[in-house]
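Peer 1: Here's a structure for you.
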Amino acid sequence: MEKSNAVSAHFPEILSELATEVKHGLAKTPKRLSSRFFYDDEGSRLFEEIMHLPEYYLTRSEYEILETHKDELLRVFSAGDRPFELIELGAGDGLKTKVLLGHFWSEKANFTYAPVDISRAAVDKLADDIRKKWPQMEIQPQHDDYFNAIERLSNRSPTRQDRPRLVVLFLGSNIGNFSPAEAADFFGKISQSLQPGDLVLTGFDLQKHPAVIHAAYNDRQGLTKAFNLNLLRRINRELEANFDLSAFDHYETYNPETGEARSYIVSQKEQTVLIGNLNQRVHFDYGEIIHTEISRKFTRAGIEQLAQQAGFKLSHWLTDCKHYFADVIFRK
Ligand code: AVI
């Protein structure tokens, strides 16, 4: 069953994270809601569909990289025969990770797998799939957000030389949804939780022809639109709001100078929306936007800088044949 973050009307001072975001974000100019809130169970399901879209090259590119380099990755992770613990932040349906898991399993590698995801439905389904495919594989699924998972990493029993190597996986260019400051902070926190020799494998979407990027966020089936507008549906359900989804549209821009793809929700008419649980009325002018997401595209220089700032060494740079995407290993 889906977790509800609904705020009790009797205790309006205790606001859920979504309620706080809506209260402050829709009072800003321009209006703003974070893409962190896209991923209720329906949002996670829609994103899984997006990953199969012909325009959304990111997933295919990364799949190709992992398939091509799975042997090399096993050699690097296990450094011969050292046990390792894979911790995947934002595991989703694990589509790409299963390429690695299947290979590591068939090669009899000594590893455990801990997928972490904010969607309970996604992490439960992934755990079920893995148990069916590889009943003996040691897995520790966690329903949580990345930041709590990193926090737990740093609270683990400290320096034991003989503990398994930690390998943090952060695939799919999820890092692109962070601001530059958040990305630096994220790698900084991970770095502080790791010991020398531990690794982080991150997927980065690279800068390329702007038209290719633009199309990835403007698919012809309208799935990206449904994914973006699902945030309003979530607010309707969890905060008793009355957004009329048919009166809003999806709009995307890509700026090749900054490497930022930006998603917006656009009001198609002048209207006022009631957010029941907040007792807040929000006015929209005709054409007014809510900025919902940044999907940042990277250069190699930018990635090297991120590694260096956090105290990592960039040890492996793997790309697909079109050089659209890179999976990069940072070594502590
Ligand atoms: C999850 N994240 C990496 C996706 C992206 O490409 O920024 C989310 C997404 N937004 C629209 N389409 C997919």
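The values are calculated or read from the model by the stated rules, or taken from the named source; none is laboratory data. Everything numeric here is computed off the predicted structure, so don't read it as measured data. Neighbour counts are summed over all protein chains in view; Cβ atoms, including those assigned to glycine, are modelled from backbone coordinates with ideal geometry.
Peer 1: Going by what's in this entry, would Arg262 be described as closer than 19 Å to His24 by Cβ, of a type in the set (Lys, Arg), part of a strand (DSSP E or B) and modelled with pLDDT of 95 or more? Please lay out each step first, then the result.
Peer 2: On the way: closer than 19 Å to His24 by Cβ: no; of a type in the set (Lys, Arg): yes; part of a strand (DSSP E or B): yes; modelled with pLDDT of 95 or more: yes.
No.
Peer 1: Filter the range 19-55 down to the residues that are among the charged types (D, E, K, R), outside any loop (DSSP other than H, G, I, E, B) and more than 20 Å from the chain's Cα centre (by Cα) and list them by number.
Peer 2: Lys23, Lys31
Peer 1: Confirm whether Ile275 is surrounded by 16 or more Cβ atoms within 10 Å (Cβ to Cβ), touching a Phe, Trp or Tyr at 6+ places or on another chain (Cβ under 8 Å), more than 27 Å from Leu95 (Cα to Cα) and in contact (Cβ under 8 Å) with a residue 12 or more places away in the chain.
Peer 2: no
Peer 1: OK, next. Taking the range 211-248, which residues are at positive phi and among the acidic types (Asp, Glu)?
Peer 2: If the condition is that a residue be at positive phi and among the acidic types (Asp, Glu), then Glu240 is the only one that fits.
Peer 1: Got a sec? Which of Glu293, Glu270, Glu260, Glu288 is within 18 Å of the chain's Cα centre (by Cα) and surrounded by fewer than 21 Cβ atoms within 10 Å (Cβ to Cβ)?
Peer 2: None of the other options fit; the residue is Glu260.
Peer 1: Of the numbered conditions (1) surrounded by 17 or more Cβ atoms within 10 Å (Cβ to Cβ); (2) modelled with pLDDT of 95 or more, Val116 satisfies every one except a single condition; which is it?
Peer 2: Of everything listed in (1) surrounded by 17 or more Cβ atoms within 10 Å (Cβ to Cβ); (2) modelled with pLDDT of 95 or more, Val116 misses just condition (2).
Peer 1: Check whether at least one residue in the range 117-128 is closer than 23 Å to Val328 by Cα and within 16 Å of the ligand (Cβ to nearest atom), and report yes or no.
Peer 2: Among the residues of the range 117-128, at least one is closer than 23 Å to Val328 by Cα and within 16 Å of the ligand (Cβ to nearest atom), which makes the answer yes.
Peer 1: Looking at (1) free of Cβ contacts under 8 Å to residues at least 40 places away in the same chain; (2) part of a helix (DSSP H, G or I); (3) within 16 Å of the ligand (Cβ to nearest atom), which one does Leu74 not meet, given that it meets all the others?
Peer 2: Of the numbered conditions (1) free of Cβ contacts under 8 Å to residues at least 40 places away in the same chain; (2) part of a helix (DSSP H, G or I); (3) within 16 Å of the ligand (Cβ to nearest atom), the odd one out for Leu74 is (3).
Here's the yes/no breakdown for (1) modelled with pLDDT of 95 or more; (2) buried (at least 18 other Cβ atoms within 10 Å of the Cβ):
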site	(1), (2)
Asp71	yes, no
Arg82	no, no
Gly90	no, yes
Asp93	no, yes
Arg120	no, no
Glu151	no, no
Asn155	no, no
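Peer 1: Step by step: first the residues of the range 1-45, then only those that are surrounded by fewer than 16 Cβ atoms within 10 Å (Cβ to Cβ) and of a type in the set (Val, Ile, Thr), then the one that is modelled with the lowest pLDDT. Which residue is that?
Peer 2: Top of the filtered list is Ile14.
Peer 1: Something else about it: Identify, please: which residue in the range 161-175 is within 10 Å of the ligand (Cβ to nearest atom) and polar (S, T, N, Q) and is, among those, surrounded by the most Cβ atoms within 10 Å (Cβ to Cβ)?
Peer 2: So the residue we want is Ser173.
Peer 1: For the range 178-197, check the following and say yes or no: at least one residue is of a type in the set (Asp, Glu) and in a loop (DSSP other than H, G, I, E, B).
Peer 2: For the range 178-197, residues of a type in the set (Asp, Glu) and in a loop (DSSP other than H, G, I, E, B): absent.
Peer 1: Let me ask something else. Quick test for you: out of Glu252, Glu240, pick the one residue that is of a type in the set (Asp, Glu) and either more than 11 Å from the ligand (Cβ to nearest atom) or over 19 Å from Met51 (Cβ atoms) (or both).
Peer 2: On the way: Glu252 fails: either more than 11 Å from the ligand (Cβ to nearest atom) or over 19 Å from Met51 (Cβ atoms) (or both).
From the options Glu252, Glu240, the qualifying one is Glu240.
Peer 1: While we're here: Any residue at all in the range 297-304 that is away from the ligand (no atom under 16 Å from the Cβ) and over 30 Å from Pro196 (Cα atoms)?
Peer 2: no
Peer 1: Can you tell me which of Phe186, Phe178 is crowded, with 20+ Cβ neighbours inside 10 Å and in contact with a helix residue (DSSP H, G or I) (Cβ under 9 Å, 6 or more places away or on another chain)?
Peer 2: Checking each option against the conditions leaves just Phe186.
Peer 1: Counting only residues that are within 13 Å of the ligand (Cβ to nearest atom), buried (at least 21 other Cβ atoms within 10 Å of the Cβ) and either outside any loop (DSSP other than H, G, I, E, B) or free of Cβ contacts under 8 Å to residues at least 24 places away in the same chain (or both), how many does the range 198-224 have?
Peer 2: The qualifying residues number 8.
Peer 1: Taking the range 282-332, which residues are assigned to a helix (DSSP H, G or I), under 24 Å from Glu257 (Cβ atoms) and hydrophobic (A, V, I, L, M, F, W, C)?
Peer 2: Within the range 282-332, Ala301, Ile303, Leu306, Ala307 qualify.
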